[in-house]
Number of protein chains: 2
Amino acid sequence: MPHILDAIFKPKTIAVIGASTKRGSLGHKIIHNLISFGFEGIIFPVNQKSPYVYSLKSYKSVLDIPEPIDLAIILVPKEYVLEVVDECGQKGVKGIIVISAGFREIGGEGIKREKKLVEKIRQYHMRMIGPNCMGVFNTAPDVRLSATFAPAEPLPGNIAFISQSGALGAVVLELARHLQLGLSMFASMGNKADISGNDLLEYYYTDPNTRVMLMYLENLGNPRRFFQICRRITKEKPVIVVKAGKTRAGALAAASHTGALADSEVAIDAMFHQAGVLRVASIEEMFTLAMAFAHQPLPKGDRVAVLSNAGGPAILATDALIAQGLTVAEFSRETQRRLREMLPEEASVNNPVDMIATADQESYGAALEILLQDKNVDSVLVIFVTPVLVKSIDVAYKIAGVISKFPNKTVVTCLMGHEGVLSGVEELEKHKIPVYRFPETAVRALAAMKEYRQFQQKKKGQIRTFEVQKETVKQILLKARQEGRSMLSSDEVRDVLKAYGFQLAECCTVHNAEGAIAFARQLNRPVVMKLLSKDITHKSDVGGVKVDLRTEAEIREAWREILANVKMRFPSAQIDGFVVQEMVKEGKETVLGMSYDAKCGPVIMFGLGGIYVEVLRDVSFRIAPLTDVDALEMINSLRNSPLLKGVRGEKPVNIGFIIENLQRLSQLSSDFEMIKELDINPFIVSEKPEQCKIVDARIVIA
Amino acid sequence: MPHILDAIFKPKTIAVIGASTKRGSLGHKIIHNLISFGFEGIIFPVNQKSPYVYSLKSYKSVLDIPEPIDLAIILVPKEYVLEVVDECGQKGVKGIIVISAGFREIGGEGIKREKKLVEKIRQYHMRMIGPNCMGVFNTAPDVRLSATFAPAEPLPGNIAFISQSGALGAVVLELARHLQLGLSMFASMGNKADISGNDLLEYYYTDPNTRVMLMYLENLGNPRRFFQICRRITKEKPVIVVKAGKTRAGALAAASHTGALADSEVAIDAMFHQAGVLRVASIEEMFTLAMAFAHQPLPKGDRVAVLSNAGGPAILATDALIAQGLTVAEFSRETQRRLREMLPEEASVNNPVDMIATADQESYGAALEILLQDKNVDSVLVIFVTPVLVKSIDVAYKIAGVISKFPNKTVVTCLMGHEGVLSGVEELEKHKIPVYRFPETAVRALAAMKEYRQFQQKKKGQIRTFEVQKETVKQILLKARQEGRSMLSSDEVRDVLKAYGFQLAECCTVHNAEGAIAFARQLNRPVVMKLLSKDITHKSDVGGVKVDLRTEAEIREAWREILANVKMRFPSAQIDGFVVQEMVKEGKETVLGMSYDAKCGPVIMFGLGGIYVEVLRDVSFRIAPLTDVDALEMINSLRNSPLLKGVRGEKPVNIGFIIENLQRLSQLSSDFEMIKELDINPFIVSEKPEQCKIVDARIVIA
């Protein structure tokens, strides 16, 4: 069954509405691109004035075209777009690309116009790319659709690209062409009024010509769907994303540019990580990765051999390897012996191999072959520096031949210099061998491949579902909402958490010392006493907390002291009573939190308690639902996580139990999206699960 | 008075010994380069066979040349070098460049040959670059010396470059030429047998044509001299360094490549920072910085305006600005009004300014002028994306004109794309305007300029010299050395530290509980009791430490418990007694340390105590002597330094007193280089200086 987007990416007939006879205009350029790329189908220009455009018979309206139309490309001025879309609908057109600008991005009337446009698209059951976009292409040999006004002709290949910026899309196409990087499909999304990045990603994924997918995004329209799609596809085809608007200032600029809502970066970053998206910092880095992923197999391991004709770049490469988490391969004796035999005395046959400046194409070919045969080598970085007597094109040709004999090993190359290596660079590009201009960049590509391989090998993880009392929680939340309260009372918080299987320190609210004593006696354990006052947030700062109270006398004394402290430091505060709580003595303070993100849903937080979260901000985030693997990563990614593993002879805390509690929190947050914020602080953890207790928590609802 | 290196960089007469008639040989290429660059002086080829080389009369020996010779360039095979150098000495040649290889870098005989070579150089009072180098150049118009065999002709400019790798030197020259970056001087140092990077740096600094200095280094021969030189010159002329061999594997590769000793990276990194050296991670980044520093004034502040014809790149630039610590300028109302007037409705007149795709050269010129006139703007990043209708060369020409009117404001540019912008890139390069291909790179240049400006504005700092009892320490150290001990006794450690004005917790070694009680009574404060045993390193792990002992009974009980603990957990340990020490109750544990680096001298360490140093490795390093500014930076650069500033209502510790103690440690370490290691752990610090005390310390001597 054909995919619904086939009408746009694999049309048989196209109407270009707003085709123009005026050279230099977009309406002329797009017809030129369609024809000169050799579209395998029929093009019908639509133009009010001229009877022909670019030697093709032209029609006054799409309705006049004598054949059914799969795809209409619309470039008419904004005022005429709606009318033209109506005609397309009547004609039975299935796919629309609106190049014309003047919609949501200009605000005011543009927003209304876009709304009407989408209504019409839905009404006629069409699908649309744009408006305000630069078009699409598909280089598949049976399609050859180049429906953009970009200056550069597409080069067929296995990389698919999605751009939320027309200008950056054009830049990427131009650079890809320059780097001889072939693309399978391309789409400039414009305002994403109908077809989104998610739709395109799903579609690209099914394309047999596509091996790698690149995206330039300024915001995510539906991050939760993006998350689901990526979780499904990224292990098979890598998705490399440049996400702009990372900082608040950048997000504001993006918002003013596209009229889109700013994303929560914490949530987006967590989500990208969980979904295996390779996030890169710049367009430049996107190319660095794309070049390697498109044309080389993933290395089976991290052991890299460096082969060079100069020491300096080899040292820089070695530094970069280590810094980026790769390993300098240790060669077998056989490899060393064979290298020694063929290389001059001054050469180094350890890794990095420095063949010295006299190395010619024959040395490169032979040495590379030896290295690729070594089973201690997973990938090779070949470095070649502007030579005096050797031609870079000869070396490139030779190593391309060797590489073709080892389709399962990874090779990247680095040719340094300018005039001296240009012909070699071109030759390598022609053979689809990744070629970089600086050793650090080549290593970055290898490091990204390692990262991706680790993601592929990562256990999928389990989303555990616990037996809970969901209905109890529902009633509590609904009651609070009905009463117009956004903050749950501390008893309600306890009931909600208990219903989801959390362990809480025993506790009781009292209004006199006798009550505290009675509770402590019943508990038969040391207690903590805390002031209860709506006016005071940080109780310990005003001397409102006393710990480890063991006797009646101590409780009475603490009571007096707290009241005296508060009277002195905060005389106007209203005192609502005292909380008496079981003293949780042993263990580490941790913090579990959740904040509901309007676009990404529940974002779960974990950190060490006290100063680690308050001052040092050592926390990690993931979006719900959490697998056990996600939860473990949250714990391990804290800078100070060694503190949980037992330092200075302490026993380690129970990591498994923290994971369980993070997953319970994930379940609670996912079950009740009306919970906006939930903070468990502190959750005191120690070795034995039964000793891990929540001491305090708060819940805010919508 | 002429500088001693003038013979090499500003010779009037040159002998090329090993000049060759063979095209393609180095001896031919170097004559070609000398002549074709238009050397302002006389060249004398020396060649055994041919009566002329490259149309110049040739001589059989340097001794036959009828005029005095300033500089001899030697390219003869290694076996003849020493003999030729002898002749040069006899001739009275002042400067030598040995291009020939076959010295220390090949080990064995090469090492001996290099030793003899240096002896001869010293004997004849000559100075030498090399051996195993690719030469030097000086583009000063009254010199025009191009004494290398590099393929690219030098382009005059204000950047001086020093390379420890010939191959990378050639790469850098080729790339500089391609980027139209002009150089003042260049030297490939080869084996640095005589003239070092330090010599060259000092020499370049005095060159009026040089504004920026670049270095590619694989090791530092004399880092302490490098430190002194840089401290003197970097505030005036920026020094940008790529230091390879950063990682252990990289350093090993560098060592096998140059036969040089590996550097301690911790010490080098600290030293670069203290000396204001701009360390970059790659050759690519070195160019990024050089382009801006060579041709633009330093911005007066951090407020950057972004001017673009497309939203996407402007957002990426904004993200990068924030991420790299710069500020998005807020325009004056006047600026916004003027931009609004000249730009189309769809354009954004806030920062970043998005003029949209229709912007032509006139828009760029006018908008840039408005931005440069705004006193809220310190620098402007101009972005231009492959246009459809506008020519990049026209835009480049226009903005170059505007920039020339504002010599005190900083402008960097970013032209994205390939074919569409090449002519614009060339035009900007021609006008010496920094032009980058990606927004993040342009921002990196601005961030480096900020870093450098901050360094320039940083207070110089004081190296305090305290009144100390140096002679006392000398006697202690010499006694220990005479007795063949490398570890000082704990009494010696206390005496050394006291002699340099450190405050130690009172302490006493006892052999029975009565002794402990007597000491505690005399002290009249709570005490700590610690087991003394050579067999047990981590005393608290075996229950060998008891704290806060207040009464006789408690001391007796602690005594018994410790003995029982040790008997149970480490029955074979020999017990040497007990240390009874004043209990230092309040305050934070910190650690002060020093380790003597063979090349950089004393390296001072500071960290928070306990888990922060042991597990989290949160420590900072600087090399001695420390200024107060260095010491303060050490404290502030800890990740967990907020803990010292008073969190959760605690009082801050006395930072000034920590600085004083770090400077005392610096003085002690500098006074006695025989101290190899010194650890003060813990140094307990609190608000009042008199309460800050050293609890334990150890000293190792050479």
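The values are calculated or read from the model by the stated rules, or taken from the named source; none is laboratory data. Being a predicted model, the structure only gives us computed values, none of them experimental. Neighbour counts are summed over all protein chains in view; Cβ atoms, including those assigned to glycine, are modelled from backbone coordinates with ideal geometry. Remember, those area values only see protein heavy atoms, side chains included, never the ligands or the DNA or RNA. Shrake-Rupley method; radii C 1.70, N 1.55, O 1.52, S 1.80 Å.
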Please work out which one of (1) more than 18 Å from B:Ile680 (Cβ to Cβ); (2) open to solvent by 50 Å² or more (accessible area, probe 1.4 Å) is the condition B:Glu614 fails and give its number. (1)
If we keep just the residues of region A:329-346 that are in a loop (DSSP other than H, G, I, E, B) and out of contact with any strand residue (DSSP E or B) (no Cβ under 6 Å at 6 or more places or on another chain), which is nearest to the other protein chains (Cβ to nearest Cβ)? A:Glu346
Restricting to helices (runs of 4 or more DSSP H) lying wholly in region A:434-507: which have 3 or more residues that are open to solvent by less than 30 Å² (accessible area, probe 1.4 Å) and under 23 Å from A:Met213 (Cβ atoms)? A:439-457
Can you tell me which residues in region B:384-402 are buried (at least 21 other Cβ atoms within 10 Å of the Cβ), over 14 Å from B:Gly417 (Cα atoms) and either within 14 Å of chain A (Cβ to nearest Cβ) or in contact with an Asp or Glu (Cβ under 8 Å, 6 or more places away or on another chain) (or both)? B:Val395, B:Ala396
Could you say whether any residue in region B:366-383 is touching a residue at least 60 places away in the same chain (Cβ under 8 Å), closer than 13 Å to B:Gly311 by Cα and within 10 Å of another protein chain (Cβ to nearest Cβ)? yes
Can you go through A:Glu673, A:Glu690 and tell me which one is touching a residue at least 40 places away in the same chain (Cβ under 8 Å), acidic (Asp, Glu), more than 27 Å from B:Pro642 (Cα to Cα) and part of a helix (DSSP H, G or I)? A:Glu690
Whether any residue in region B:118-127 is in contact with a strand residue (DSSP E or B) (Cβ under 6 Å, 6 or more places away or on another chain), at pLDDT below 95 and open to solvent by 10 Å² or more (accessible area, probe 1.4 Å) is what I want to check. no
Within region A:644-670, residues surrounded by fewer than 17 Cβ atoms within 10 Å (Cβ to Cβ) and touching a Lys or Arg at 6+ places or on another chain (Cβ under 6 Å) come out as A:Pro652
The one condition A:Ala193 fails out of (1) more than 21 Å from the chain's Cα centre (by Cα); (2) farther than 28 Å from A:Glu265 by Cα is (2)
Return a yes/no flag: does region A:290-300 have any residue that is closer than 26 Å to B:Ala281 by Cα, free of Cβ contacts under 8 Å to residues at least 40 places away in the same chain, touching a strand residue (DSSP E or B) at 6+ places or on another chain (Cβ under 6 Å) and away from every other protein chain (no Cβ under 11 Å). no
Looking only at region B:279-317, count every residue that is acidic (Asp, Glu) and not in a loop (DSSP other than H, G, I, E, B) and tell me the total. 2
Near pairs, Cβ below 8 angstrom, 6+ apart or cross-chain, from region B:77-91 (modelled with pLDDT of 95 or more) to any residue that is of a type in the set (Val, Ile, Thr) and in a helix (DSSP H, G or I): B:Val84/B:Val62; B:Val85/B:Ile121; B:Glu87/B:Val62; B:Cys88/B:Val62; B:Lys91/B:Val62
Give the number of residues within region A:163-181 that are small (Gly, Ala, Ser) and over 18 Å from B:Gly311 (Cα atoms). 1
Qualifying positions in region B:533-571 - on the phi > 0 side of the Ramachandran plot and within 14 Å of chain A (Cβ to nearest Cβ): B:Gly543
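Rundown of residues vs (1) crowded, with 18+ Cβ neighbours inside 10 Å; (2) at negative phi; (3) modelled with pLDDT of 95 or more, yes/no style:
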site: B:Ala329; (1), (2), (3): yes, yes, yes
site: B:Glu334; (1), (2), (3): no, yes, yes
site: B:Arg338; (1), (2), (3): yes, yes, yes
site: B:Pro344; (1), (2), (3): no, yes, no
site: B:Pro352; (1), (2), (3): yes, yes, yes
site: B:Ala359; (1), (2), (3): yes, yes, no
site: B:Glu362; (1), (2), (3): no, yes, yes
site: B:Ile370; (1), (2), (3): yes, yes, yes
site: B:Leu381; (1), (2), (3): yes, yes, yes
Restricting region B:595-634 to residues that are assigned to a helix (DSSP H, G or I) and in contact with a Leu (Cβ under 7 Å, 6 or more places away or on another chain), the residue that is farthest from the other protein chains (Cβ to nearest Cβ): B:Ala631
Is it fair to say B:Ser641 is open to solvent by less than 20 Å² (accessible area, probe 1.4 Å) and out of contact with any strand residue (DSSP E or B) (no Cβ under 7 Å at 6 or more places or on another chain)? yes
Only one of these conditions is not met by A:Asn138: (1) surrounded by 22 or more Cβ atoms within 10 Å (Cβ to Cβ); (2) modelled with pLDDT of 95 or more; (3) in contact with an Asp or Glu (Cβ under 6 Å, 6 or more places away or on another chain). Which number is it? (3)
Against the definition (open to solvent by 60 Å² or more (accessible area, probe 1.4 Å), more than 30 Å from A:Ser572 (Cβ to Cβ), part of a helix (DSSP H, G or I) and not basic (Lys, Arg)), how does A:Glu514 come out, yes or no? no
Going through A:Ala598, A:Ala631, A:Ala573, A:Ala564 one at a time, which residue ends up being among the small types (Gly, Ala, Ser) and surrounded by 19 or more Cβ atoms within 10 Å (Cβ to Cβ)? A:Ala631
Scan A:Leu678, A:Leu638, A:Leu644, A:Leu662 and give me the residue that is of a type in the set (A, V, I, L, M), touching a Gly at 6+ places or on another chain (Cβ under 7 Å) and outside any loop (DSSP other than H, G, I, E, B). A:Leu678
Return yes when A:Gly515 is closer than 29 Å to A:Glu687 by Cβ and modelled with pLDDT of 85 or more and no when it is not. no
Output the helices (runs of 4 or more DSSP H) that fall wholly within region A:6-104 and possess 1 or more residues being away from chain B (no Cβ under 14 Å), open to solvent by 50 Å² or more (accessible area, probe 1.4 Å) and touching a Leu at 6+ places or on another chain (Cβ under 7 Å), or say none. A:78-91
Considering only region A:403-414, how many residues are part of a strand (DSSP E or B) and either within 14 Å of another protein chain (Cβ to nearest Cβ) or among the aromatic types (Phe, Trp, Tyr) (or both)? 1
Say whether the condition of being without any contact (Cβ under 8 Å) to a residue 12 or more places away in the chain, farther than 26 Å from A:Met529 by Cβ and of a type in the set (D, E, K, R) is met by at least one residue in region A:582-605. no
Taking region A:105-117 and the residues there that are in contact with a helix residue (DSSP H, G or I) (Cβ under 8 Å, 6 or more places away or on another chain) and of a type in the set (A, V, I, L, M), the one that is surrounded by the most Cβ atoms within 10 Å (Cβ to Cβ) would be A:Leu117
Please work out which one of (1) in the same structural domain as B:Asp576 (by TED's automatic domain parsing); (2) open to solvent by 50 Å² or more (accessible area, probe 1.4 Å) is the condition B:Leu549 fails and give its number. (2)
